[in-house]
1. Could you rank His181, His88, His309 by how accessible they are, 1.4 Å probe, largest area first?
2. So with the 1.4 Å probe, I'd like the accessible area per residue for region 66-218, rounded to whole Å².
3. From the phi of every residue in region 211-227, what ³J(HN,Hα) in whole Hz does the Karplus formula 6.51 cos²θ - 1.76 cosθ + 1.60 yield, where θ is phi - 60° and glycine or proline is x?
4. What is the percent of Cα-Cα separations in region 201-306 that go past 16 Å?
5. Less than 20 Å apart at the alpha-carbon level, and either on another chain or at least 8 residues along: which aspartates and glutamates does that give for Lys161?
6. With runs of 4+ DSSP H residues as the only contributors, calculate the mean residue ellipticity of the chain at 222 nm using -39,500 (n - 2.57) per run, divided by the residue total and rounded to the nearest 500.
7. Taking amide hydrogens as modeled 1.01 Å from N in the peptide plane, which residues meet the under 5 Å criterion relative to Leu209, leaving out close sequence neighbours?
8. Could you pull out the pairs from Lys139/Lys290; Lys34/Lys154; Lys34/Lys290; Lys42/Lys314; Lys42/Lys166; Lys77/Lys139 whose alpha carbons sit more than 32 Å apart here?
Amino acid sequence: MRTLRSVVVLALSLPLAAAAQSARQAGATVSEPKTWSTPWDKTRPRDPYADQQGRVWFVGQVGNYVGRLDPRSGEFKRYEIDPGTNPHNLVVDRRGMVWFTGNANGRIVRLDPASGKLTTFMMPDPSVRDPHTMVFDRKGDAWFTAQGAGVVGKLTQADGKIRLWKMAPRSRPYGIWIDSHDQPWFDLFGTNQIGTIEPRSGEFKAYTLPNERSRPRRIAITPDDAVWYGDYTRGFLGRLDPLTGTTEEFALPSGLGSLPYAMTVDDRGRIWLAETGVQPNRLVAFDPAKRAFTETVTIAADGPNTIRHMTFDKATRQIWFGGDANQIGRVQVSAAPVVP
């Protein structure tokens, strides 16, 4: 276990939220959100992911299905999966195969969109019933967390084998991301730690955040391989430097009650977070070069919503999001100011 040597906390005043909103309207680089209501009510459509054809895939966590949205036509398509799967997370690989985690039945499943065929990869340990969030490395292998089981795993596509790393009890591995060296990083949400696994040696390391109350939930990595985390309990965005073991923290615009959840990084290296402690939820952008929050986007929804996961599609420069509300949505990020 490695303990971080120092921490820098930068508190940003609450009026920044209003200033960021004004900046977005006056010439920012992000559009107003566009949303599509799914045909399947109260199914928690979540974790949308755009494929190379511009179609957007997502899972219905409560409804036990894989969904597909064509943003151009607004058409939805549904693929049925095994009852009791409770799919949690979805990723499309470079071959166009759709992968999702079975959060209630201990499996990872691959869907072939062309044939509708499902291929199932069961956990080698039956106690690991809740694969949670999944990412692919550059070799095409899948790394994933299992929160309740306290496990991080790797599925090798070449042979379909799964290797598991057991974390400490109640550590709750949660968000996961791959750096430029194909090394996975993940939050240990039940603790004040960030974990990583060296892919060649299989060695696990934990970085302990300086504040014992910190609970990092989601994670993101910028092009410089800095590890960013949302501190869910304290309302901060944090930056971990893996080389020096130091951290910086930045108070979120909504403060203690912001409950930062979903995170992603755009192609300008800016970090986007969902503040879920406010209704409606808000997306806030943080510019590492300026060390400041620069933009705020309000995500309106029918009823309470929690945006749990977001992805950035480099081809279209769009951020896709889903959550508890019956909708899939996006915002458009532009290199130039967005025209109202």
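The values are calculated or read from the model by the stated rules, or taken from the named source; none is laboratory data. Being a predicted model, the structure only gives us computed values, none of them experimental. Positions of Cβ are generated from backbone atoms using ideal geometry, with glycine treated the same way; all protein chains shown enter the neighbour counts. Side chains included, ligands, DNA and RNA excluded: accessible areas come from the protein's heavy atoms. Shrake-Rupley method; radii C 1.70, N 1.55, O 1.52, S 1.80 Å.
1. On the way: His181 115, His88 10, His309 30 Å².
Per-residue accessible area, sorted high to low, gives His181, His309, His88.
2. Numbers: 6530 Å² over 153 residues.
Result: 43 Å² of accessible area for each residue.
3. Calculated HN-Hα couplings, in order: 8, 5, 7, 4, 9, x, 10, 10, 9, 8, 10, 8, x, 7, 6, 5, 9 Hz.
4. Values: 3153 of 5565 pairs.
The answer is 57 percent, as a whole percent.
5. Asp93, Asp112, Asp125, Asp130, Asp137, Asp141, Asp182, Glu198, Glu203
6. The helix contribution divided over the chain gives -1000 deg cm²/dmol.
7. Gln193, Ile194
8. Lys139/Lys290; Lys34/Lys154; Lys42/Lys166
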